[in-house]
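Structure record follows, encoded as structure tokens.
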Amino acid sequence: MKRTIVALPGDGIGRTVLDEAIRVLTAAGFEANYVEGDIGWEFWCKEGNPLPERTVKLLEEHKVGLFGAITSKPKDEANDELVSELQGKGLIYKSPIVALRQHFKMDICLRPCKTYKGNPLNFIRRGTNGNVEEPLVDVPIFRQNTEGLYGGVEWSNPPELVYEGLMSHPQFVKNFGAVPKAELSVSTRIFTKHATERILRAAFEHARKYGYKSVTVCEKPNVIRETSGMMYKMAQQIQKADYPEIDLWNTNIDAQMMWLTKNPETYGVIVAGNMFGDIISDGFAGLIGGLGFACSAQMGETGVAVFEPTHGSAPKYADYETSIVNPIAMIESACMMLDYIDEMDIAKKIRKAVAEVIEEGKVRTYDMMKLSGRPDVIEKGAASTHHMAEAIIAKL
């Protein structure tokens, strides 16, 4: 029987890159039925819900989603774009991908950052003798996906019960006690031991399975003592008890960003909470060529998994007559999906084809040619989205 995959195009360039990834999957021999799920800005504007219940039910049934990209906008702007009959109804926009993660408890996010040989966007540095060095970056980043600052527990002008709770903390009284309640906006950063243990064990298991020598906890325990401190303490306990052969490193997120370009090749697996994991994964993605090469997987306890590039919907590019965006991040995300469903041989074949196209250097999208993303880049020799996918298919 063919597997059924829920295709979630989303917004902007999402549909374009998703369609090209599916073409590559088919050419590589992956046979599947694709059912399309409604998600994104269009459905917020006309229905007041960017994640309709019918899409949730599709994922409940079929378990695996391949996701393009979404558009998110600030609260007031989102409200202004609702159809007139939905305005003033108290609807609040929430990112549908965040909602998906929380609904299906997809608490483990994996973002691998690995350089391709021959990519002109790879990070280079000046060596001790003045020579140019191009270190190999191979850093899988595990990001806790459902808690922390993205947990959605926040208020403006907090209700009295919440305000009284805040006033019970001496630091709040000292620093904010004189601030009128109506002038306060509060976002929480909540970590639970259960979810923290799951993301830490996922990182250590990945290191063991694929031969990485270290796991780095990238947080800020010297300042954010309760949440970051809990994660690092639990990492110490888990490493000592179950993974003694794997080194445990500890870095602060601010210092880690400074060190990013100093010695990226020395890091193995990195694990972090939601916000810091988001930041560090984008930082490492910049070393391997940018968001056109950055893929991700979201997995959890319910058996539902969604695979997506980490780039946004890039709406200005969606209006171009010929799409110029790099589809490799989407194609790599599809390969992560194949790994997840035990189709590793097809994933390996696709990754080999991608690597050959990049190393050969004859077909390059505008970002790989270091051009500004304008419609005329095709005339300057840049490959279109379709052309890049065709080149990969040809290698297959």
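A few notes on this one:
- The residues of the range 158-180 that are surrounded by 15 or more Cβ atoms within 10 Å (Cβ to Cβ) and in a helix (DSSP H, G or I), listed by number, are Val162, Tyr163, Leu166, Phe172, Phe176.
- Picking from residues in the range 78-91 that are more than 25 Å from Val17 (Cβ to Cβ) and either in contact (Cβ under 8 Å) with a residue 24 or more places away in the chain or under 24 Å from the mean Cα position of the chain (by Cα) (or both), the one that is surrounded by the fewest Cβ atoms within 10 Å (Cβ to Cβ) is Lys89.
- Test: residue in the range 339-355 that is crowded, with 17+ Cβ neighbours inside 10 Å, acidic (Asp, Glu) and touching a Gly at 6+ places or on another chain (Cβ under 8 Å): no
- Taking strands (runs of 3 or more DSSP E) as the structural unit, those lying wholly within the range 208-291 and holding at least 1 residues that are aromatic (Phe, Trp, Tyr) correspond to 247-252.
- Filtering Ala255, Ala203 for residues that are over 29 Å from Lys105 (Cα atoms), within 23 Å of the chain's Cα centre (by Cα) and not aromatic (Phe, Trp, Tyr) leaves a single hit, Ala255.
- Qualifying residue in the range 88-101 (condition: more than 20 Å from Gly286 (Cα to Cα) and assigned to a strand (DSSP E or B)): no
- Among the residues of the range 313-330, those identified as under 23 Å from Ser72 (Cα atoms) and either at pLDDT 95 or above or in a loop (DSSP other than H, G, I, E, B) (or both) are Ser313, Ala314, Asp319, Tyr320, Ser323, Ile324, Val325, Asn326, Pro327, Ile328, Ala329, Met330.
- With respect to the stated conditions, Lys105 is of a type outside the set (A, V, I, L, M, F, W, C) and either in contact (Cβ under 8 Å) with a residue 60 or more places away in the chain or in a strand (DSSP E or B) (or both).
- Checking Ala355, Ala394 one by one, the residue that is outside any loop (DSSP other than H, G, I, E, B) and under 25 Å from Lys2 (Cα atoms) is Ala394 and no other.
- Filtered residue count, the range 187-203, keeping only those that are assigned to a loop (DSSP other than H, G, I, E, B) and of a type in the set (Val, Ile, Thr): 2
- Positions within the range 144-193 being more than 30 Å from Val269 (Cβ to Cβ) and among the charged types (D, E, K, R), in sequence order: Glu154, Glu160, Glu164, Lys174, Lys181, Glu183
The values are calculated or read from the model by the stated rules, or taken from the named source; none is laboratory data. It should be emphasised that the depicted structure is a prediction, and the values quoted were computed from it without experimental measurement. Every residue, glycine as well, gets a Cβ built from its backbone with ideal geometry; the counts of neighbours run over all protein chains shown.
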